[in-house]
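Taking it in order: structure first as structure tokens, then the write-up.
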Amino acid sequence: MAMVAVFAWACAGCAQAGGEDARVGEAVLAGAWSNAAGARLRLEAERDMAGEHIERALLGGTSCPDAITGRWSFFSAPDEKGASFADDRFTSGDHIALTFGDQESSCLLSALIRRDAQGLSLCLVEDPDSDCSAEELLRPGLAT
């Protein structure tokens, strides 16, 4: 079952904290991601996900619940108008959609995949024009 969401990505500062955009496959994303502030996110290869203390990974907080369970999908590359969509059929990309909640209270976050001298990171954003500071970035394998 494909999930579709459309966004216009006009992020001028997307290559700041966390380095440059990085295109990866689904196997690279599967596993635990966290930051020093205590945000935790687990992405499963089957596209399930769970997280806690998510507000600690978003610059300025979020209106989404702090503990989440749901699904993740890769976004398509933006078209000439900057629109992009998420679909479970994509197996690689440079940003992902995180969806959780029921139909009425659903929330959508995006994770920009970056690579820098420390390796891969995820920058969680609720607004596609937002960015992360180094403290908000999620790094792989740090969750306990």
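The values are calculated or read from the model by the stated rules, or taken from the named source; none is laboratory data. Note that the structure is predicted; figures quoted are calculated from it, not measured. We place every Cβ from the backbone using ideal geometry, glycine too, and count neighbours over all the protein chains shown. When the accessible area is computed, the model is the full protein with side chains, heavy atoms only, and any ligands, DNA or RNA have been set aside. Shrake-Rupley method; radii C 1.70, N 1.55, O 1.52, S 1.80 Å.
Please verify whether residue 40 is on the phi < 0 side of the Ramachandran plot and of a type in the set (D, E, K, R), treating the condition exactly as stated. Answer is yes for this residue. Regarding the stretch 85-101, can at least one residue be identified that is assigned to a loop (DSSP other than H, G, I, E, B), at pLDDT 90 or above, over 17 Å from residue 128 (Cα atoms) and not charged (D, E, K, R)? Within the stretch 85-101, one or more residues are assigned to a loop (DSSP other than H, G, I, E, B), at pLDDT 90 or above, over 17 Å from residue 128 (Cα atoms) and not charged (D, E, K, R). Look at (1) within 20 Å of residue 130 (Cα to Cα); (2) at pLDDT 90 or above and you find that residue 32 fails only one, number (1). Are any residues in the stretch 119-135 in contact (Cβ under 8 Å) with a residue 40 or more places away in the chain, part of a loop (DSSP other than H, G, I, E, B) and surrounded by fewer than 24 Cβ atoms within 10 Å (Cβ to Cβ), and if so, which ones? Matches in the stretch 119-135: 126, 128, 129, 130, 131, 133, 134, 135. Of all residues in the stretch 33-58, those being among the small types (Gly, Ala, Ser) and open to solvent by less than 20 Å² (accessible area, probe 1.4 Å) number 5. Within the stretch 41-82, the residues that satisfy the criterion of being over 17 Å from residue 125 (Cβ atoms) and assigned to a strand (DSSP E or B) are 42, 48, 50, 52, 69, 71.
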